[in-house]
Amino acid sequence: MVIFSVYVVNKAGGLIYQYDNYVPRTEVEKTFSYPLDLVLKHHDEKVIVSFGQRDGIKVGHAVLSINGVDVVGKSTAEGKDILEYLKDPVNYPVSIRFGRARLSSNEKLMLASMFHSLFAIGSQLSPEVGSSGIEMLETDVFKLHCFQTLTGIKFIVLADPRQAGIDALLKKIYEIYSDFALKNPFYSLEMPIRCELFDQNLKGALEVAEKAGNFGAGS
Amino acid sequence: MTVHNFYLFDRNGNCLFYNEWNRKKQAGISKEEEFKLMYGMLFSIRSFVSKMAPLDMKDGFLSFQTSKYRLHYYETPSGLKLVLNTDLSVSNARETLQHIYSNLYVELVVKNPSCSSTQTLDSELFSSRLDSFIRSLPFYSPRAA
């Protein structure tokens, strides 16, 4: 049972802290001969599989490395365009590694702001009076928990769906935030959090939560 | 224990059907705008979830909850989206939504040659059967919790 990541979003919807605790890497490396039976396409500065799912390589997986060398966006490490490289039979047999693309910092920023808006829409479309925004979002592989403080800061935790004790963890993260970020005289409000003690204590709290422990009154 | 409302969207975002049972607060915007906002929110949540997911997903987004209600979502492979808002006591309405799709929508609407699948649903039969189905659910009570 794991906690995947933690995001902290400020009042305006901007991401001020992000920590990836556990990122499962589902990667598949295979050797291919010409012609390639997977259909690849450009998407968001990456090359992804658009058709031809097989053997663990799913639609949406990105090209991570060619012949053992990590790719850089849409081109190989030498600067050649990947799709052009793969159209040339001279380059075969080629070994390509596919997997879920890692989120870049920009993408994380955009997703955090997107969630900030979705949180508000969840409250607006409520059929009941006095509803908060989205506090928990469930999918089949993860559960997203969100705690919004009275000052508008959102603490977002992505965890395994069966993980318990996330509500206590969110309150604990709020405590750590107020102790190690807010009380830090060099930290400016609503700005990205760059406080070592905050990082350390957050990691400690995640370990305790994963072991399904309870946070002691004074810890 | 109660069901608040139900939306049915086609794959282009048109709201084919909407009904409410125990809704206490309107959204403050016209029904048309509300449908667009609801569809837009669901579309964004799906895209958000597919990017954020640490592993490959099979069913995708299932539900979300706030302090007062829970929204259950079911999407068919043909792009039809069923949305049910209930109170917090209902933890999983996926089977309910699947039942509404296969036993009510497919039987009464898809198999009906006079029901056009792109416009708002006109079927009285669908509407009344859905209403009695929802009222018969174990988690439905006319007096809202």
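The values are calculated or read from the model by the stated rules, or taken from the named source; none is laboratory data. Remember, predicted model here, so these are calculated numbers, not experimental data. Don't worry about glycine lacking a Cβ; one is built from the backbone with ideal geometry, like all the others, and counts go over all protein chains shown.
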In region A:21-46, the residues that are away from chain B (no Cβ under 14 Å), closer than 13 Å to A:Lys74 by Cα and either at pLDDT below 85 or in contact with a Ser or Thr (Cβ under 9 Å, 6 or more places away or on another chain) (or both): A:Leu40, A:Lys41
Hits in region B:69-99 (condition: touching a residue at least 60 places away in the same chain (Cβ under 8 Å), of a type outside the set (Gly, Ala, Ser) and farther than 19 Å from B:Phe43 by Cα): B:Tyr69, B:Thr86, B:Asp87, B:Val90
Strands (runs of 3 or more DSSP E) lying entirely in region A:124-208 (those with 2 or more residues that are in contact with a helix residue (DSSP H, G or I) (Cβ under 6 Å, 6 or more places away or on another chain) and modelled with pLDDT of 95 or more): A:143-148, A:154-159
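Results for (1) closer than 15 Å to B:Tyr7 by Cα; (2) assigned to a helix (DSSP H, G or I), shown as yes or no for each residue.
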residue	(1), (2)
B:His72	yes, no
B:Ser78	no, no
B:Leu84	yes, no
B:Val90	no, no
B:Thr96	yes, yes
B:Tyr101	yes, yes
B:Pro113	no, no
B:Phe139	no, no
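For every residue, the table says whether it meets (1) aromatic (Phe, Trp, Tyr); (2) closer than 19 Å to B:Phe35 by Cα; (3) under 13 Å from the mean Cα position of the chain (by Cα).
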site	(1), (2), (3)
B:Ser50	no, no, no
B:Met57	no, no, no
B:Ser63	no, yes, yes
B:Tyr69	yes, yes, no
B:His72	no, yes, yes
B:Leu84	no, yes, yes
B:Asp87	no, no, no
B:Val90	no, no, no
B:Ala93	no, no, yes
Scope region A:97-120; condition within 14 Å of chain B (Cβ to nearest Cβ), charged (D, E, K, R) and not in a helix (DSSP H, G or I); matching residues: A:Arg100, A:Arg102
Residues of region B:1-51 classified as in contact with a helix residue (DSSP H, G or I) (Cβ under 7 Å, 6 or more places away or on another chain), within 7 Å of chain A (Cβ to nearest Cβ) and of a type outside the set (Phe, Trp, Tyr), total: 6
Sole exception among (1) under 24 Å from the mean Cα position of the chain (by Cα); (2) part of a loop (DSSP other than H, G, I, E, B) for A:Ala77, by number: (1)
Yes/no for B:Phe17 being assigned to a strand (DSSP E or B) and of a type outside the set (Val, Ile, Thr): yes
Residue among A:Val69, A:Val39 that alone is touching a Phe, Trp or Tyr at 6+ places or on another chain (Cβ under 6 Å) and loosely packed, with under 13 Cβ neighbours inside 10 Å: A:Val39
Where a residue in region A:108-129 is under 17 Å from A:Ile153 (Cβ atoms) and its partner, wherever it lies, is basic (Lys, Arg) and modelled with pLDDT of 95 or more, with Cβ under 9 Å and at least six apart: A:Ala112/A:Lys154; A:Phe115/A:Lys154; A:His116/A:Lys154; A:Phe119/A:Lys154
Unmet requirement for A:Arg25, which otherwise passes all of (1) basic (Lys, Arg); (2) exposed (fewer than 14 other Cβ atoms within 10 Å of the Cβ); (3) touching a Lys or Arg at 6+ places or on another chain (Cβ under 9 Å); (4) farther than 24 Å from A:Glu138 by Cβ: (4)
Residues of region A:106-128 classified as aliphatic (A, V, I, L, M) and more than 21 Å from B:Phe35 (Cβ to Cβ), total: 4
A:Val94 vs. criteria more than 13 Å from chain B (Cβ to nearest Cβ), more than 21 Å from the chain's Cα centre (by Cα) and without any contact (Cβ under 8 Å) to a residue 24 or more places away in the chain: no
